[in-house]
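The values are calculated or read from the model by the stated rules, or taken from the named source; none is laboratory data. These numbers come from a predicted model, not from an experiment. Note that we place each Cβ from the backbone using ideal geometry, even for glycine, and neighbour counts take in every protein chain shown.
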Amino acid sequence: MSVSIAIKQIIAFTKRDFFSWSTYKTAAITQIISIFIGVFSWGIAAVYVNRDVPEMYGGSDYISFLIVGITVGNLIMPLIQGVQRQLNPWTLETILMTDIKTPVFVLGNIMWTYILSIISFIPYLVIGIGIFGAKLNTNILATVFSFLISFGILLGLAMISTGMRIVTKSTDPLTWAINILQNLFSGISFPVVYLDTIFFPGASTISWFLPQTWVYHLCRLSMLTNPNLLDPSIQFEFLKGTIFAVLLLPIGYKFFWWGVNRSKKEGTLGWY
Amino acid sequence: MEYAIETRKLVKRYPTKRSSSMGYGRGRGIPSFSALINLIRGSSGAYIEALKGIDLQIKPGEIFGILGPNGAGKSTLIKILCTLVLHDGGEVYVNGYDPSKEPSNVLKNLQAVLPESRGFSWRLSGKQNLEFYALLYGLDDTESKKRIDYLLELTELKERAEDGYQRYSTGMQRRLLLCRALIRDTPIIIFDEPTTGLDPTGAADFRDLLKNKLAYQEKKTILLSTHNLQEAQEICDRIAILDKGKILACDTPDNVRHLVIEEREIKIDILPIFPDKKYDLLVKQLNEFSYVTDIQPETNQNGRIFRINIRLKKEQEITEILKVISENELKIKSVNTQEPTLEEAFIQMTRQAKKKVIKEEETGK
């Protein structure tokens, strides 16, 4: 299959989901309102406790740290949840019978949600900077790299999660475990090194084994500290994130097909 | 390729205690560690055999019907062919390709109309839905447009093509499913209960489309599963009766009808007579023929007998019967033979199979 057809297929999914989204007007409006309410509630909290964040992102403050974290969080979570939301007995069997390639299936199903996240990413930042005084110190190239690495990591996780969900139908124990750990260890709302102060020295080591930590870390690094990509220590940080992405993508692919084949074996592909 | 679809000793087993062994599911909260281990390893233990060594050969261009009661294994067989379920034993080929090993090649040769697998976006029009699937099937724009226009014409959906799918009637939804299955123009099409839920006219139109356009004009091989025996008799070249994972019969509908039915019934219309001693004598004489198993008169409102229904061995000729009736001075108006129906054959076969199972279980005990 040529790349152009694969791209057309992804666009077809995206168009389908966009048309569908735009016709559910009430849902679309409430979603947009939620974006604004969300950023205000986090922004106010950040202003209330504002302080410098010298531990990891020198020169940055907590408002900027939290706004970037929340924005990135909103940008990436749909990647994991996007395919799962599309799974139901009416679509999965039919889509699989088209013999579509796995990456196209996964990318196609998350693309519109991702585009919507990017659209909502901008007002988040605008409100964060304009109203709450968040200060960005961004290296555009590093941000692009960090987004690409994040995309790889989260695509891998999305495929793992989807494979599990196809088998378990409801609770996905692996994603559940990862999300639980992420809430505590990946540093959405505090620098992970602070865990060493709260728990015991070295507690933050756990964080660096969680893929999401790298997503938040690299995005913050790129957007808050204007990193020099020629600096070997920065390159090493990006390399570590890349390793996660490179490992998770094939694992995710295998997991997805494990789920599909397991379900085919048990005859439960159409069950939800 | 000699056969479009071929199965040899095809076996499928399903685990029966899956959810309890896994220990989690909707509303059950956090999974236990052992549940996770079971999840990774796969289910083991008790299972049910949905298909017990199915042998089936379907020739290219045939309309082949799979008949069977609920739980017979029809859907399992169809889903194996559609690459949606993996078989556990035996062999299965679709135009020479094994669905478990070469799903891509199988799907280039076979598509299906499975009512439960709708997969259409309710907010998109029928045409937009088809364009979406055409892209997933890898058709380019020109090819896709041409094919979709042709299929909308074929299924008489063209005038409503721009309407939202949610506004389609059941019959139109079914025809759109057919359009989708035909987008790829595969030589084999599978239908699972194609006319269920359709009104009589819609069902007749659908059968006509299936038989005259798809089978005869486009020369496609058609496999359909149905509960509707009349439908099977009407359109299928051959049928297989499936029950509890086994094929009980596989032949033309006519041959299957006669396979288990050992008797037939003749209906002899006579000039009406009152049931008197003369009639009793006639019945006595007819009962003397060893091949006659039952005699039932039919009476009109005045109590006169106007028809005699006689059941007799299937192959028996009726000259002697007619002679006796004539000799008893009854005036014969017409003679009709009531052929066994496919429904009678189906019921008899499935009952016999059930009795056999019960007997085997009792013997086993």
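Condition test on A:ILE166, is it more than 20 Å from A:LEU218 (Cα to Cα) and crowded, with 18+ Cβ neighbours inside 10 Å? Criteria met by A:ILE166. Working only within the stretch B:81-101, note down all residues that are within 12 Å of another protein chain (Cβ to nearest Cβ) and acidic (Asp, Glu). Answer for the stretch B:81-101, where residues must be within 12 Å of another protein chain (Cβ to nearest Cβ) and acidic (Asp, Glu): just B:ASP88. Looking at the stretch A:168-237, the helices (runs of 4 or more DSSP H) lying wholly inside it that each contain 2 or more residues that are in contact (Cβ under 8 Å) with a residue 12 or more places away in the chain, under 18 Å from the mean Cα position of the chain (by Cα) and closer than 27 Å to A:PHE255 by Cα sit at A:173-185, A:211-224.
Taken over the stretch A:100-124, the residue count meeting the criterion of being of a type in the set (A, V, I, L, M), crowded, with 18+ Cβ neighbours inside 10 Å and under 19 Å from A:VAL68 (Cα atoms) is 1. Could you say whether any residue in the stretch B:81-96 is in the same structural domain as B:ILE189 (by TED's automatic domain parsing), under 18 Å from B:GLY245 (Cα atoms) and part of a helix (DSSP H, G or I)? Yes: one or more hits.
Inside the stretch B:216-237, can you point out the residues that are modelled with pLDDT of 90 or more and crowded, with 20+ Cβ neighbours inside 10 Å? Matches in the stretch B:216-237: B:LYS220, B:THR221, B:ILE222, B:LEU223, B:LEU224, B:SER225, B:ILE235, B:CYS236. Inspect all residues belonging to the stretch B:247-254 and state whether any of them is more than 30 Å from B:GLU2 (Cβ to Cβ) and modelled with pLDDT under 90. No, because not a single residue in the stretch B:247-254 is more than 30 Å from B:GLU2 (Cβ to Cβ) and modelled with pLDDT under 90. Restricting B:ALA353, B:ALA345, B:ALA240 to those that are under 30 Å from B:GLY73 (Cβ atoms), small (Gly, Ala, Ser), in the same structural domain as B:LYS79 (by TED's automatic domain parsing) and surrounded by 14 or more Cβ atoms within 10 Å (Cβ to Cβ) reduces the list to B:ALA240.
Conditions (1) at pLDDT 85 or above; (2) more than 14 Å from chain B (Cβ to nearest Cβ), marked per residue:
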| site | (1), (2) |
| --- | --- |
| A:TYR24 | no, no |
| A:GLN31 | no, yes |
| A:ARG51 | no, yes |
| A:GLY58 | no, yes |
| A:ILE63 | yes, yes |
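I'm checking my understanding of the structure. Among residues of the stretch B:269-280 that are surrounded by 12 or more Cβ atoms within 10 Å (Cβ to Cβ) and out of contact with any Phe, Trp or Tyr (no Cβ under 9 Å at 6 or more places or on another chain), which one is farthest from B:GLU327 (Cα to Cα)? Going through the qualifying residues, I end up with B:PRO275. Kindly indicate whether any position in the stretch B:102-119 is more than 10 Å from chain A (Cβ to nearest Cβ), surrounded by 19 or more Cβ atoms within 10 Å (Cβ to Cβ) and over 20 Å from B:GLU218 (Cα atoms). No; the residues of the stretch B:102-119 include none that is more than 10 Å from chain A (Cβ to nearest Cβ), surrounded by 19 or more Cβ atoms within 10 Å (Cβ to Cβ) and over 20 Å from B:GLU218 (Cα atoms). The residues of the stretch B:66-80 that are assigned to a helix (DSSP H, G or I) and within 12 Å of chain A (Cβ to nearest Cβ), listed by number, are B:SER75, B:THR76, B:LEU77, B:ILE78, B:LYS79, B:ILE80. If you check A:THR14 against the conditions, is it without any contact (Cβ under 8 Å) to a residue 12 or more places away in the chain and within 12 Å of chain B (Cβ to nearest Cβ)? No.
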